[in-house]
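J.: This is the structure I want to talk about, given as structure tokens.
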Amino acid sequence: MRKDLIKIIDWSLPYVSLATMIYIIMYPQIISHGVILGTDSIFHFNRFYDAAKQIQQWNWSYFQSNYSFQQSGRVINAVYGPLFAYLNGILLGLLGSTWFRYQIVSSFLVYFIGGVGMYHLALKMKAQRMLALLISMIFLCLGWLPRWEMAQNMNAWGAAIAPYCIMIGITMIEDRNRPVHWMALMTLMTIIIQIHLLSSIFFTLALIPFFVIGLILANNRKQMLIDTLKSVVGTIILTGNVWGALLMLKLHNHIAQPAPFDMVKNSLKPSQFNSSRDFLIYFVWLIFLAQLIYVLCTFRKSLVNTTITLMGSLILYVSSIWFPWAHVEKSIPALTELLQFPNRLTVIAYPLLLAGIAYSCQRIIDTWPHETVHRFIIFGVLIFTFFQVMIPTSMIIFRRTATYKSYEVLNTSSAIAWVTHDTKSLRRSVHTEYPGQLLEKVEKRSPDYLPIPSKYLKEKYVRSYAYQRQIIKPAHKYRHKVLSHGRLMLTWNAKKSGTVRLPIITYQESQLVLNGKTIHHYHRSKVGAPYVYQRKGKNTVILSFHQSTWFTYLMSFSLIALALYSLYGFYRFGVWLPIKYRKIIS
């Protein structure tokens, strides 16, 4: 029994170590009870709050935002990680509906998922456990992964899942008999599409070189293609609720594109003491360069190490300021809206290069098995982890947490439309069990997925400011009430009759009932706000969203398939877990 306990402890030690490292990174926020309100915090808090209220009230509205985004009825969650939004809504409810608890737990989860993934990726590269653990700790502090805690950037979730994607890619090269494990690939792509669509595009592009090499080396190419087709078809079925919603909206509406950004300014830059999304410490650049040189000198030794290092180096270069983004931006201006930030590519580059470093360090240890060399490498990686990566990241988190205690409270004013001047009430709102209070005190002008009438498509105007003027500012003048079946009611008193613009968003699929009568023809503003004729006295409008019948069937089929597949996964996991457990204690 004692031996069994020792084996269990030995097995769990890397995960406990990762959890401890995460606690150290998050310590400034945990000890201060501060909430870091960054660039995307308010946007995603609105999404998750809407999902939480739907679950709490048992009043479903898959498309229409009735509880958040100024109760404007705009479409967000249906086309932006819908199931992920509902999972976060459940998490928010389970944690007592306070943003502080939610941010702490969700940040721990994204760190832990990413750390475990990087640990197993390093093990897959034949690194010993201690080396794999140190590599995973470095990964915790690099690039986009810490950005969930710092700013609720969704790229953090792409960064957390990226190591699992690379493991599937490595299998394509190493497993000549079955390069594509179609269920694993299907599961990965389904998860990332349900979370963050842009990251799924990165994953697909990253897997292409692995797929091509695997196809060349495969013993049975026909079987590989069949398995790939199974994965593609399965992913399409399991994500029908995502792509179907996008298709339905775009068939009848002109959906606003994301805001354009200067790609040069948002490229990766070298820094003396910063490894956040925009920067990478000089010493890490040197380590990555050393890894590239090592591979170029020993490229025949390992196809996998050569592949991931060359891929990682190329992607890192493309994400950096040394890539000619100014010329690319002029040649392909659409990228300023689609990609926006070239440094997003590091979600793939960092795990690739760190996996290569894990392999190279282990090979040096195996080549020179002297204990002194072994200790020198492990000690060097350990020092590198703490002084070059962990401390800078922890300092940034400390500064951001300190901002919460300052007069500013918010870590950014980017796209913020209105903030209460009562900073004490603002701080209280992130700890209260009524999370909607925060969203009334801080409002953000986000133009994502707004329906733009065709006559305004060619006009040059800033949609975020138009949304602020037409929706955010007048919203407080109306009384909002959520009705059954996902409907939204607005009431107001008019001093005189005439045309009025309502602070709600309408799509071609939206239905307006004004004072008891359905109106079919009305003008819409530049952001999709309807103009209606109000009467003197009390007026009532009921807004509802009527999705296409074909989408209802598609979503039902997709969600049923997803539920059945999840049950099958739990069954397999339930069968597999005791076997794994027995291996640990045997």
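The values are calculated or read from the model by the stated rules, or taken from the named source; none is laboratory data. Everything numeric in this text was worked out from a predicted model, so none of it was measured. Virtual Cβ from ideal backbone geometry, glycine too; neighbours counted across all protein chains shown. For accessibility, only protein heavy atoms count, side chains too; no ligands or nucleic acids. Shrake-Rupley method; radii C 1.70, N 1.55, O 1.52, S 1.80 Å.
J.: Can you say whether Met263 is aliphatic (A, V, I, L, M) and open to solvent by less than 10 Å² (accessible area, probe 1.4 Å), as far as the supplied structure shows?
T.: Details: aliphatic (A, V, I, L, M): yes; open to solvent by less than 10 Å² (accessible area, probe 1.4 Å): yes.
Yes.
J.: Shifting gears a bit: Determine the pairs where a residue that is in contact (Cβ under 8 Å) with a residue 60 or more places away in the chain and on the phi > 0 side of the Ramachandran plot, located within the range 203-231, has a partner that is assigned to a helix (DSSP H, G or I) and open to solvent by less than 50 Å² (accessible area, probe 1.4 Å) with Cβ atoms under 7 Å apart, the partner being 6 or more residues away or on another chain.
T.: none
J.: Give the residue, chosen from Tyr49, Tyr62, that is open to solvent by 10 Å² or more (accessible area, probe 1.4 Å) and in a loop (DSSP other than H, G, I, E, B). Don't jump to the end; show me each part of the working.
T.: On the way: Tyr49 fails: in a loop (DSSP other than H, G, I, E, B).
Checking each option against the conditions leaves just Tyr62.
J.: While we're looking at this one, here's another question. Looking at Ser558, Ser566, which is the one that is at pLDDT 95 or above, in a helix (DSSP H, G or I) and under 27 Å from Tyr67 (Cβ atoms)?
T.: Among Ser558, Ser566, only Ser558 is at pLDDT 95 or above, in a helix (DSSP H, G or I) and under 27 Å from Tyr67 (Cβ atoms).
J.: Follow-up. Restricting to helices (runs of 4 or more DSSP H) lying wholly in the range 344-434: which have 2 or more residues that are in contact with a Phe, Trp or Tyr (Cβ under 8 Å, 6 or more places away or on another chain) and of a type in the set (A, V, I, L, M)? So that I can check it myself, show each step before the final result.
T.: Numbers: elements: 346-367, 371-383, 391-405, 423-429.
It comes to 346-367.
J.: List the pairs whose first member sits in the range 542-563 and is exposed (fewer than 12 other Cβ atoms within 10 Å of the Cβ), whose second member is assigned to a helix (DSSP H, G or I) and of a type in the set (S, T, N, Q), and whose Cβ atoms are under 9 Å apart, counting only residues at least 6 apart or on separate chains?
T.: That search, which allows pairs on different chains as well, returns nothing.
J.: Starting from the range 490-519, keep only residues that are without any contact (Cβ under 8 Å) to a residue 60 or more places away in the chain, then list their pairs with residues that are basic (Lys, Arg) whose Cβ atoms are within a distance under 6 Å, requiring at least 6 positions of separation or different chains.
T.: Thr491/Arg479; Asn493/Lys538; Ala494/Lys536; Lys496/Lys536; Ser497/Arg535; Ser497/Lys536
J.: Separate question: Scanning for something closer than 30 Å to Leu225 by Cβ, touching a helix residue (DSSP H, G or I) at 6+ places or on another chain (Cβ under 7 Å) and basic (Lys, Arg), does the range 116-139 turn up at least one residue?
T.: yes
Condition check ((1) on the phi > 0 side of the Ramachandran plot; (2) among the hydrophobic types (A, V, I, L, M, F, W, C); (3) touching a helix residue (DSSP H, G or I) at 6+ places or on another chain (Cβ under 6 Å)) across all residues:
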site	(1), (2), (3)
Leu345	no, yes, yes
Leu353	no, yes, yes
Ile357	no, yes, yes
Trp418	no, yes, no
His421	no, no, no
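J.: Scan the range 244-298 for residues that are among the charged types (D, E, K, R), in a loop (DSSP other than H, G, I, E, B), touching a residue at least 12 places away in the same chain (Cβ under 8 Å) and over 21 Å from Arg463 (Cα atoms) and report the count.
T.: Start the filter on the range 244-298 by keeping residues that are among the charged types (D, E, K, R), which leaves 250, 262, 265, 269, 277-278.
Restricting the remaining residues to those that are in a loop (DSSP other than H, G, I, E, B) gives 262, 265, 277-278.
So of that shortlist, the ones also touching a residue at least 12 places away in the same chain (Cβ under 8 Å) come out as 262, 277-278.
This time we only want the ones that are over 21 Å from Arg463 (Cα atoms), so: 277-278.
Here the count works out to 2.
J.: To continue, here is another question. Looking only at the range 70-91, count every residue that is open to solvent by 10 Å² or more (accessible area, probe 1.4 Å), under 16 Å from Gly486 (Cα atoms) and either touching an Asp or Glu at 6+ places or on another chain (Cβ under 8 Å) or free of Cβ contacts under 8 Å to residues at least 60 places away in the same chain (or both) and tell me the total.
T.: Number satisfying all stated conditions: 3.
J.: Go through the range 507-523 residue by residue and tally those that are open to solvent by 40 Å² or more (accessible area, probe 1.4 Å), closer than 21 Å to Lys496 by Cα and either part of a strand (DSSP E or B) or β-branched (Val, Ile, Thr) (or both).
T.: Here is the first cut: in the range 507-523, the residues open to solvent by 40 Å² or more (accessible area, probe 1.4 Å) are 508, 511, 515-523.
Subset that is closer than 21 Å to Lys496 by Cα: 515-517, 519, 522-523.
Pick out the ones that are also either part of a strand (DSSP E or B) or β-branched (Val, Ile, Thr) (or both) and you get 517, 519.
Number satisfying all stated conditions: 2.
J.: Collect the residues in the range 208-225 that are farther than 16 Å from Met167 by Cβ and open to solvent by less than 70 Å² (accessible area, probe 1.4 Å), keeping them in residue-number order.
T.: If the condition is that a residue be farther than 16 Å from Met167 by Cβ and open to solvent by less than 70 Å² (accessible area, probe 1.4 Å), then Leu215, Leu217, Ala218, Gln223, Met224 are the ones that fit.
J.: Name the residue that is nearest to the chain's Cα centre (by Cα), counting only residues in the range 490-503 that are open to solvent by less than 40 Å² (accessible area, probe 1.4 Å) and of a type outside the set (Gly, Ala, Ser).
T.: Taking the range 490-503 as the starting set, the residues that turn out to be open to solvent by less than 40 Å² (accessible area, probe 1.4 Å) are 490-492, 494, 498, 500, 502-503.
Among the residues that remain, those that are also of a type outside the set (Gly, Ala, Ser) are: 490-492, 500, 502-503.
Values: Leu490: 33, Thr491: 36, Trp492: 38, Val500: 38, Leu502: 32, Pro503: 29 Å.
Ranking the candidates gives Pro503 first.
J.: Restricting to the range 433-452, name every residue that is open to solvent by 10 Å² or more (accessible area, probe 1.4 Å) and either at positive phi or touching a Gly at 6+ places or on another chain (Cβ under 7 Å) (or both).
T.: Listed by number, the residues that qualify are Glu433, Tyr449.
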